[in-house]
Amino acid sequence: MARTFNTEGYCDSQMHYMVDLTGRLERIRAMVDAEKYFTINRARQYGKTTVLAALAEYLKKDYEVISLDFQGISYADFVSEQNFVAAFSRQLLLCGKNMPDDLKAEFEQYADHKVREMTISALFILLLKWCGNSEKRSYY
């Protein structure tokens, strides 16, 4: 398969010509390892999605990587804390491939509004449990 220039969306190095991301990924990895925040904010078509996808692949051996798409959370989901917790839980269930079964059941109850105390702090406790169950590096 011949590679081509991609002008929209995610770039795949097997299909598209692209710059070497190794240096960027190493710099971001250093920030992640140091527990620092980082942002990626550039103009359209700069490669933000491609960098994030490559970063997920680069980190997955040592970290639990979760990629959430907030486009799947609607305006109505931000109206109340309970709606947001349910929508966030649904997004986690869509992408949480390595989620332990016991936590999956708890997130499913949140997603279906079956939990009485659906607060962001309760959601964070579930996320911390997930981190605590992981054999990979965790910060909390």
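The fraction of accessible area contributed by carbon and sulfur in the chain is 52 percent, rounded to a whole number (1.4 Å probe; ligands and nucleic acids excluded). The 3J(HN,Hα) values that the Karplus relation (6.51, -1.76, 1.60; θ = phi - 60°) gives for the stretch 40-52 are, in residue order, 10, 9, 9, 5, 3, 6, 7, x, 4, 5, 5, 5, 5 Hz. Gly and Pro appear as x.
Amide H contacts for His16 (H built 1.01 Å from N in the peptide plane; partners 5 or more residues away or on another chain; cut-off under 5 Å): Thr4. Helical runs assigned H by DSSP (4 residues or longer) give the chain a calculated mean residue ellipticity at 222 nm of -14500 deg cm²/dmol, each run adding -39500 (n - 2.57) before division by the residue total.
A cut-off under 10 angstrom between Cβ atoms defines the neighbours of Pro100, and their net charge, with Lys, Arg +1 and Asp, Glu -1, is -1.
Summing Lys and Arg as +1 and Asp and Glu as -1 over all other residues whose Cβ lies under 12 Å from the Cβ of Gln91 gives a net charge of -1. Across the stretch 15-75 the C-alpha pair distances fall into 10 Å bins from zero in the proportions 17, 51, 27, 4 percent. Taken one residue at a time, the phi angles of the stretch 79-93 give Karplus couplings (6.51, -1.76, 1.60, θ = phi - 60°) of 5, 9, 4, 5, 5, 5, 4, 5, 5, 4, 4, 4, 5, 4, 5 Hz. Gly and Pro are set to x. Per residue, the chain exposes an accessible area of 72 Å² to a 1.4 Å probe, with every protein chain left in place. When only the Cβ of Lys, Arg, Asp and Glu is charged (+1, +1, -1, -1), the dipole of the chain relative to its Cα centre reaches about 420 debye. Taking +1 at the Cβ of each Lys and Arg and -1 at the Cβ of each Asp and Glu, which of Gln71, Phe84, His16 sits farthest along the dipole of the chain towards its positive end, judged by Cα position relative to the Cα centre? Most positive-ward Cα: His16. Sorting Val79, Val115, Val51, Val65 by accessible area puts them as Val79, Val65, Val115, Val51; the probe is 1.4 Å, largest comes first, and only protein heavy atoms count. Whole-Hz Karplus values for the stretch 60-65 come out as 5, 5, 10, 10, 6, 10 Hz, taken residue by residue from phi with 6.51 cos²θ - 1.76 cosθ + 1.60 and θ = phi - 60°; glycine and proline positions read x. Per-residue SASA remark: Lys129, around 90 Å² accessible (1.4 Å probe; ligands, DNA and RNA not included). Dividing the mean sequence gap of close Cα pairs (under 8 Å, 6+ apart) by how many residues the chain holds gives a relative contact order of 19 percent. The per residue volume of the convex hull around the alpha-carbon atoms of the stretch 24-125 is 129 Å³.
At the residue level, Thr49 shows approximately 90 square angstrom of accessible surface with a 1.4 angstrom probe and all protein chains present. Considering only Arg29, Arg90, Arg116, the Gaussian network model of the chain with Cα springs below 10 Å gives its largest mean-square fluctuation to Arg116. For Cys11, Cys131, the ranking by accessible surface with the largest value first comes to Cys131, Cys11, using a 1.4 Å probe.
The values are calculated or read from the model by the stated rules, or taken from the named source; none is laboratory data. The structure displayed is predicted, hence computed values, not measured ones. Neighbour counts run over all protein chains shown; Cβ positions are idealised from the backbone, glycine included. We work out accessible area using only protein heavy atoms, side chains counted, and drop any ligands, DNA or RNA first. Shrake-Rupley method; radii C 1.70, N 1.55, O 1.52, S 1.80 Å.
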